[in-house]
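What follows is one structure encoded as structure tokens, with my remarks underneath.
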Number of protein chains: 2
Amino acid sequence: MSVHTEQSAVTVLGLGPMGRALAGAFLDAGLRTTVWNRTPGRDRELVARGAVSARSVEEAAAASRLTVVCVVNYDAVDTILRREAVTDALKGRTVVNLTADTPDRARDAAAWAAEHGIRYLDGAIMTPTPTIGTPAAVFLHSGPNDLYHKHQPVLEALGGTHTHLGEEIGRAAAYDVALLDIFWTAMAGYAHAVAVAHAEGIAARELAPFAKGIGDLLPPIFEGLAAEVEAGTSSDEGSPLTSVASSMAHVIHTSEAHGIDAGVMRAAEGLARRAIGQGHGTDGFIRVAELLGRR
Amino acid sequence: MSVHTEQSAVTVLGLGPMGRALAGAFLDAGLRTTVWNRTPGRDRELVARGAVSARSVEEAAAASRLTVVCVVNYDAVDTILRREAVTDALKGRTVVNLTADTPDRARDAAAWAAEHGIRYLDGAIMTPTPTIGTPAAVFLHSGPNDLYHKHQPVLEALGGTHTHLGEEIGRAAAYDVALLDIFWTAMAGYAHAVAVAHAEGIAARELAPFAKGIGDLLPPIFEGLAAEVEAGTSSDEGSPLTSVASSMAHVIHTSEAHGIDAGVMRAAEGLARRAIGQGHGTDGFIRVAELLGRR
């Protein structure tokens with residue numbers, strides 16, 4: 001019975017909005033959930049829902065076979081975990097680190113865990129806090145296969161889809177970074193377009209249906225271009241790089257004529273011009289991906 | 001009968017890939033189509049399909065009540081149209097300029113047309129060449145209402161959806177620029193993500209389904225944020241600007257650790273950091289749009 005309890009117990013370190021959402025989903029799934037946060041008082045609502053409040057990281061770590069960490073970045077992870085009392089408590093147990101950072105930091109954390117006899121999985125949460133515990137949540141995982149499959153039932157209590165991307169521990173963070181790259185660059189483009197439109201007397205709500213139309217074009221293009229990247233080809237899809245650079249220049253001129261910073265598009269135009277300068281003027285824009293990767 | 005012929009006749013100036021597609025769609029719709037291009041020989045296939053090849057711009061302009069111009073930019077438009085023989089031929093007739101450029105250039109072209117007794121509509125083609133003549137084509141128009149409605153039947157022969165955005169002549173170009181801003185910034189993010197993923201050992205086809213997933217998030221976000229922009233609010237949707245800047249830094253560090261230029265994301269991060277520095281750290285990223293627009 002105590003083994004059963006420990007197997008279906010989980011510890012959550014870090015009770016920011018995402019950590020609280022994770023702990024709440026574990027509680028909703030009926031798991032014995034122990035929580036800890038550096039700043040006290042963040043666990044009140046969770047304790048009212050049945051969570052066990054630990055007084056220290058080591059006490060929290062000792063309470064479950066599985067500890068999920070979700071804090072601001074890996075500097076914070078290191079501050080919390082890299083103390084003797086904590087490593088002693090975690091020895092032989094598993095840490096699933098859902099904190100966002102770079103692939104190199106994930107690799108460094110895995111090396112530290114291996115040195116201390118701690119089993120380690122790295123993960124990334126791709127969807128915002130309100131999705132946790134719902135079918136809309138998306139989690140990416142990397143690390144040892146056996147370890148992932150052992151803890152998969154508990155992790156799936158978080159809802160949504162979970163994808164194990166392989167044993168290379170940096171893989172989840174690498175996907176995370178690449179997908180954040182797409183998302184936040186696109187958002188920068190949208191925010192800038194809203195500013196330029198506003199300066200031209202176009203309200204955001206007037207632009208919205210057309211902006212949505214542009215957004216609708218992107219998913220199939222993202223998917224379709226992958227085949228070209230793999231093949232090393234680069235069809236222009238009606239927009240050769242020379243024409244793309246010209247469009248980008250129109251954006252920059254219109255923006256700057258209104259005194260609106262165009263640094264993002266200037267950087268993008270630089271990539272297009274560089275590719276044109278290297279003889280790729282009739283290629284499609286995706287040729288830029290290959291040139292970026294050349295050292 | 002000759003009136004009927006002239007009413008349903010159209011001239012196309014500029015026979016690049018887009019101009020040829022426009023002329024082809026007019027021919028398919030059974031319109032008497034006269035074509036001209038600066039570099040000869042581009043009209044062969046169109047003539048075989050029934051187009052009339054004009055020997056000069058003025059001859060082409062005189063052949064129809066409506067002249068559609070689609071060339072590389074407004075410098076090229078000016079070179080073609082701003083000659084006495086041509087303005088004489090166009091006097092009392094209508095020019096629909098589907099060439100892409102900035103709103104200021106559209107306003108300048110309209111002023112020139114008014115000075116010479118030429119009626120003028122400006123437009124933008126939002127979809128690539130292969131969509132022309134199909135339901136997927138998207139055209140934006142601006143200029144006098146009566147003039148647009150007079151020529152609407154001929155313009156609709158180009159297929160797809162046509163939206164008249166209002167009488168302000170720069171409006172179509174302003175929408176065009178804002179939408180190109182969204183599209184090409186997003187594409188820059190995708191190309192960069194592909195390069196970073198590749199450096200991390202992730203093939204474009206492995207990233208593709210997740211990249212598509214990110215793309216699927218964008219259209220409703222673009223639409224939904226419009227209401228916040230209008231209201232001057234900025235909910236964080238689970239991602240306050242401090243967290244966004246942190247994500248952006250992860251992208252930059254991962255990219256630059258592989259020797260991959262991160263100029264686009266560095267510029268985007270700069271916008272986020274600027275907003276944070278102005279006290280907006282707990283706002284959502286869209287706050288950046290408002291700050292960009294402040295002079």
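The values are calculated or read from the model by the stated rules, or taken from the named source; none is laboratory data. Note that the structure is predicted; figures quoted are calculated from it, not measured. Here Cβ is always computed from backbone atoms with ideal geometry, including for glycine, and neighbour counts include all displayed protein chains. Heavy atoms of the whole protein, side chains included, go into the accessibility calculation; ligands, DNA and RNA do not. Shrake-Rupley method; radii C 1.70, N 1.55, O 1.52, S 1.80 Å.
Quick look at the numbers
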quantity: Antiparallel bridges, percent of DSSP beta bridges restricted to chain B (to nearest 5); calculated: 15 percent
quantity: Value of [θ]222 nm, deg cm²/dmol, for chain B, DSSP H segments ≥ 4, -39500 (n - 2.57) each, nearest 500; calculated: -17000 deg cm²/dmol
quantity: Candidate residues B:Asp78, B:Asp88, A:Asp181: accessible-area rank, largest first, probe 1.4 Å; calculated: B:Asp88, B:Asp78, A:Asp181
quantity: Axis-proximal residue, chain A, for the rotation superposing A on B (Cβ, Å); calculated: A:Ala186, 2
quantity: Residue-averaged beta-carbon neighbours from other chains (10 angstrom radius) around B:122-132; calculated: 2
quantity: Relative contact order, percent, chain A [alpha-carbon distance under 8 Å, six or more residues apart]; calculated: 12 percent
quantity: Cα centroid of the range A:114-141 to Cα centroid of the range B:174-234, whole Å; calculated: 23 Å
quantity: Cα gyration tensor category, rounded, prolate or oblate, for the range A:6-167 with a/c compared to 1.5; calculated: rounded
quantity: B:Arg274/B:Asp104 FRET efficiency (R0 25 Å; Cβ-Cβ; nearest 0.05); calculated: 0.40
quantity: Rh by Kirkwood over Cα pairs, then Stokes-Einstein D for the protein assembly as shown at 1.567 mPa s and 4 °C, µm²/s; calculated: 50 µm²/s
quantity: Percent accessible area from carbon and sulfur atoms, chain A, protein chains only, probe 1.4 Å; calculated: 52 percent
quantity: Across the identical copies, how the A:Glu256 labels are spaced - nm, sorted shortest first, 7 Å along Cα→Cβ; calculated: 2.4
quantity: Relative contact order (percent, whole number), the range A:174-293, Cα cutoff 8 Å, 6+ residue spacing; calculated: 29 percent
quantity: Peptides A:133-143, B:96-106, A:259-269, A:224-234 ordered by average Cβ neighbours within 10 Å, highest first; calculated: B:96-106, A:259-269, A:133-143, A:224-234
quantity: Principal-axis tilt of helix B:145-155 within chain B, Cα atoms, nearest 10 degrees; calculated: 80 degrees
quantity: Part-to-part distance (alpha-carbon centres) for the range B:8-40 and the range A:236-295, which is given in Å; calculated: 29 Å
quantity: Candidate lysines for bridging to A:Lys212, where Cα separation is under 25 Å - those fewer than 8 sequence places away on the same chain excluded; calculated: B:Lys212
quantity: Qualifying aspartates and glutamates (Cα of each under 14 Å from Cα of B:Lys91; at least 8 residues distant if same chain); calculated: B:Glu58, B:Glu59, B:Glu115
quantity: Antiparallel DSSP beta bridges within the protein assembly as shown, as percent of all bridges there, nearest 5; calculated: 15 percent
quantity: Efficiency of FRET between B:Leu291 and A:Lys91 - r from beta-carbon atoms, R0 51 angstrom, step 0.05; calculated: 0.55
quantity: Efficiency of FRET from Cβ geometry, B:Ala203 and A:Asp28, R₀ 35 Å, rounded to 0.05; calculated: 0.40
quantity: Trypsin sites (Lys or Arg not before Pro) lying in DSSP loop within the range B:1-83, provided at most 10 other Cβ fall within 10 Å; calculated: B:Arg55
quantity: At 7 Å out from Cα toward Cβ: A:Ala136 inter-copy label distances (nm, ascending); calculated: 2.9
quantity: Average accessible surface area per residue within the protein assembly as shown, 1.4 Å rolling probe, Å²; calculated: 38 Å²
quantity: Net charge dipole size for the range A:174-293 [Lys, Arg +1 and Asp, Glu -1 on Cβ; Debye, nearest 20]; calculated: 280 debye
quantity: Average other protein chain Cβ within 10 Å of Cβ, residues A:251-263; calculated: 5
quantity: Fraction of beta bridges assigned by DSSP in the range A:60-149 that are antiparallel (%, nearest 5); calculated: 35 percent
quantity: Cα shape, the range B:136-185, gyration tensor, a/c 1.5 rule; calculated: oblate
quantity: Those aspartates and glutamates that a straight Cα-Cα span of less than 15 Å connects to B:Lys150, excepting residues fewer than 8 apart in one chain; calculated: B:Glu6, B:Asp122, B:Glu167
quantity: Interface residues, the range B:270-284 - accessible area loss of 20 Å² or more versus chain alone, probe 1.4 Å; calculated: B:Leu271
quantity: Virtual spin-label span in nm between A:Arg55 and A:His149, 7 Å along Cα→Cβ; calculated: 4.2 nm
quantity: Per residue, the convex hull volume that the Cα atoms of the range B:174-293 enclose (Å³); calculated: 113 Å³
quantity: Tensor-based shape of chain B (alpha-carbon gyration tensor, a/c under 1.5 rounded, otherwise prolate or oblate); calculated: prolate
